Amino acid sequence: MLYRNFATQEELDAQYDLSRSVPDVDVYSAFYERESEKARAAFGSRLGLPFGPTLAEHVDVYPAGADAPVFVYVHGGYWSRRTGREFGFVARGPVSRGVATVVTNYALCPDVTIDEIVRQTRAAVAWVYRNARSFGGDPDRIHVAGHSAGGHLVAMLLSTDWEDLYGLPADIVKGASVVSGIFDLAPLPYTLLQPKLQLTWDQVRRNSPILHVPDAAPPLLVAYGSEEPEEIQRQSEDFLTAWRSKSLAADRLVIPGKNHYDVIDGFLDADSPLCSAVLGRVGLE
């Protein structure tokens, strides 16, 4: 067996080639871009603010007034596709309830490794903490969330030693949500993703959140759609079990009728099951 009960790449690709899980993946790409353009038109935004030395290291900020909680969103795309600019739409629900939203960007595989993407994502959150006041945000109320590869990156954020690495308080992240994440990277070297990801087994071990569940962490929401591939659902459930095994607080949210791509459209509406659950963790219902 290559991984668990999977004996061939074809079997694994059937689960992890997520574009095959919907009839037309391009429909969702167009939706993301269209709704993000609307969000930028509706809200004041500060685009392309650098948090690191390379061009890929920047964030888009959607302010929400003075002393606002801060929602940091990390986009998906299997660490090799998409940009933060395509996901500005996730600001609509939070900003409508007075929550400043920061959408991060990062360099992509194979130009960089997943190790480097994890580092960049941590650096982005450190930047948000240090600069929140500049856009009206409250650095003591930061919530992080991510979808797909972004869910993986958020899970990696939760094992960060903020004090030793950045000289910041250990609890700068007050809550987290992972949506349809990948928490065990072990199957990926056997899939069609490997030519882009170029994963080594050391990288797999370093960057599989299920192997690095912290002893202390903020409350976590684990969410996924009921129509997602079985392996995506299983990865979420296994991570939730590992998280709770450390007596850490976590909730599950299974969103009926949603697939891997439309599961995040709930961020458009503050009253949706997804957005209301996230806002509850930020301190708003």
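Every read-out reported here was derived from the displayed coordinates using simple, explicitly stated rules and does not represent laboratory data. Please read these numbers as outputs of a predicted model, since none were measured by experiment. Glycine also receives a Cβ, built like all others from the backbone with ideal geometry; neighbour counts cover every protein chain displayed.
Things to note:
- Mean sequence separation of contacting Cα pairs (under 8 Å, at least six apart), scaled by the length of the stretch 81-120, corresponds to a relative contact order of 38 percent.
- Considering only alpha-carbon pairs that sit under 8 angstrom and 6 or more positions apart, the relative contact order computed for the chain is 19 percent.
- Here each label is just a point 7 Å from Cα along the line to Cβ, and for Asp269 and Asp138 those points are 2.8 nm apart.
- Helix 114-131 axis, angle to the chain major axis (alpha carbon atoms, nearest 10°): 10
- Against the chain, whose longest principal axis is taken from its Cα atoms, helix 273-282 shows a tilt of about 60°.
- Beta bridge orientation in the chain: antiparallel %, DSSP, nearest 5: 25
- Whole-Hz ³J(HN,Hα) from phi, Karplus 6.51 cos²θ - 1.76 cosθ + 1.60, for the stretch 249-259, glycine and proline x: 6, 7, 10, 10, 9, 9, 9, x, x, 9, 9
- Taking Cα atoms only, the orientation of helix 230-245 departs from the longest principal axis of the chain by about 70 degrees.
- For the peptides 4-16, 84-96, residues were scored by their other Cβ atoms within 10 Å and the scores averaged per peptide; the highest-first order is 84-96, 4-16.
- When each of Arg206, Arg122, Arg133 is scored by the number of other beta-carbon atoms lying within 10 Å, the sequence from fewest to most is Arg133, Arg206, Arg122.
- Counting only Cβ charges, +1 for Lys and Arg and -1 for Asp and Glu, the dipole size of the chain around its Cα centre is about 600 debye.
- Simple point charges give the picture: +1 on the Cβ of Lys and Arg, -1 on the Cβ of Asp and Glu, and for the stretch 107-205 a dipole about the Cα centre of about 280 debye.
- Put in order of Cβ neighbour count within 10 Å, fewest first, the listed residues Cys275, Cys109 become Cys109, Cys275.
- Here the stretch 9-132 is assigned +1 on the Cβ of each Lys and Arg and -1 on the Cβ of each Asp and Glu. Its dipole about the Cα centre then comes out at about 720 debye.
- Ordering of 70-79, 29-38 by packing [mean C-beta count within 10 Å, highest first]: 70-79, 29-38
- Proportion of all alpha-carbon pairs of the chain beyond 25 Å (%): 41
- Ordering of 139-146, 165-172 by packing is 139-146, 165-172, highest average first (other Cβ atoms within 10 Å, averaged per residue).
- Cα-based Kirkwood hydrodynamic radius, the stretch 169-285, one decimal, Å: 15.4
- Around the amide H of Val72, modelled in the peptide plane, lie the amide H atoms of Val102, His143, Val144, Ala145, all under 5 Å away and 5 or more residues distant in sequence or on another chain.
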